[in-house]
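These notes concern the structure reproduced below.
The values are calculated or read from the model by the stated rules, or taken from the named source; none is laboratory data. None of these values were measured; they are calculated from a predicted model. Counting neighbours? That spans all protein chains shown, and the Cβs are built from the backbone with ideal geometry, glycine included. The protein model used for the area step is the full one, side chains on, heavy atoms only, and it has no ligands, DNA or RNA in it. Shrake-Rupley method; radii C 1.70, N 1.55, O 1.52, S 1.80 Å.
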Amino acid sequence: STLLGQAVRNQVEKASDRNQIRNGKETLQRDEAELAAFNADRMALRDAIANRNWQQSGAIHQRLVNSMAREIAQSEAKLQQANREVSSSRSELRSARREIRDNRATNARPGVRADDQHDRRDDRRDLADDKDDRREARVRLDRQRQILGTYRAIRIDGRRDLADLSAKANLIEEFERSMRADLNETREELGEDRRELREDRRETREDRRQR
């Protein structure tokens with residue numbers, strides 16, 4: 001029954017990994033498109049200000065505000081997802097620890113117990129990685145909120161001095177860097193999900209041999 005329970009958990013984890021991979025691919029494509037559009041608007045705003053076209057500058061300014069607000073909403077959703085992944089990793093680690101206790105109590109073969117130890121190490125690593133991802137997501141979200149608040153306070157018109165306009169340009173560039181960092185994080189997470197799927201497949205093969 002212990003091996004059967006582990007096989008069920010492996011199937012559940014594989015389904016979860018596949019779902020995360022599918023969502024990760026969709027998120028990556030969306031983030032790439034949004035980053036390209038944000039970069040284009042940033043460059044267009046620079047040119048409009050250089051040409052002192054304040055009407056066009058104001059329109060682009062508002063597009064950038066909307067883009068940043070949308071990105072912040074997505075960052076909030078990603079932080080919530082990061083919290084769920086930490087909870088899931090904790091649950092998987094608890095399951096691995098129970099498996100070790102059960103196999104020790106039933107005097108399982110040394111090979112089975114070695115596999116259990118390997119699985120627990122993987123689960124500990126996954127939990128640590130998920131906690132790091134959550135911390136980075138929280139820091140990124142806090143800074144994005146600060147940037148948007150400051151950015152909104154600086155108006156775009158011919159009465160602003162160059163220092164204000166330069167500060168605004170710096171804020172846009174920093175926000176874009178945060179979007180790029182988030183994009184890279186999504187790529188890394190997609191790689192981690194693929195690695196976890198390979199591990200779950202390996203565990204399933206081992207469980208079949210042990211049954």
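Pick from segment 158-181 the residues that are assigned to a helix (DSSP H, G or I) and at pLDDT below 90: which of them is most open to solvent (accessible area, probe 1.4 Å)?
First, the residues of segment 158-181 that are assigned to a helix (DSSP H, G or I): 162-181.
Narrowing further to those that are at pLDDT below 90: 162-169.
Numbers: Leu162: 144, Ala163: 70, Asp164: 44, Leu165: 21, Ser166: 60, Ala167: 37, Lys168: 3, Ala169: 42 Å².
Taking the candidates together, the pick is Leu162.
Please tell me if Glu13 is modelled with pLDDT of 80 or more and either in a helix (DSSP H, G or I) or open to solvent by 60 Å² or more (accessible area, probe 1.4 Å) (or both).
Values: modelled with pLDDT of 80 or more: no; either in a helix (DSSP H, G or I) or open to solvent by 60 Å² or more (accessible area, probe 1.4 Å) (or both): yes.
For Glu13, the condition - modelled with pLDDT of 80 or more and either in a helix (DSSP H, G or I) or open to solvent by 60 Å² or more (accessible area, probe 1.4 Å) (or both) - is not met.
Given the condition touching a helix residue (DSSP H, G or I) at 6+ places or on another chain (Cβ under 9 Å), among the polar types (S, T, N, Q) and either open to solvent by less than 40 Å² (accessible area, probe 1.4 Å) or under 17 Å from Leu183 (Cβ atoms) (or both), answer yes or no: does some residue in segment 62-70 qualify? Lay out the reasoning, then the answer.
Taking segment 62-70 and keeping what is touching a helix residue (DSSP H, G or I) at 6+ places or on another chain (Cβ under 9 Å), we get 63-65, 67-70.
From what is left, the residues that are among the polar types (S, T, N, Q) are 67.
Filter once more, keeping what is either open to solvent by less than 40 Å² (accessible area, probe 1.4 Å) or under 17 Å from Leu183 (Cβ atoms) (or both): 67.
Yes, the conditions are met somewhere in segment 62-70.
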Worksheet item: Here are some conditions: (1) at pLDDT below 70; (2) open to solvent by 90 Å² or more (accessible area, probe 1.4 Å). Gly111 meets all but one. Which one does it not meet?
Response: (2)
Worksheet item: Among the candidates Arg124, Arg104, which residue alone is open to solvent by 80 Å² or more (accessible area, probe 1.4 Å), under 29 Å from Glu185 (Cβ atoms) and at pLDDT 65 or above?
Response: Arg124
Worksheet item: If Ala77 satisfies every condition in (1) of a type in the set (A, V, I, L, M, F, W, C); (2) within 19 Å of Ile147 (Cα to Cα); (3) open to solvent by less than 30 Å² (accessible area, probe 1.4 Å) but one, which is the exception?
Response: (3)
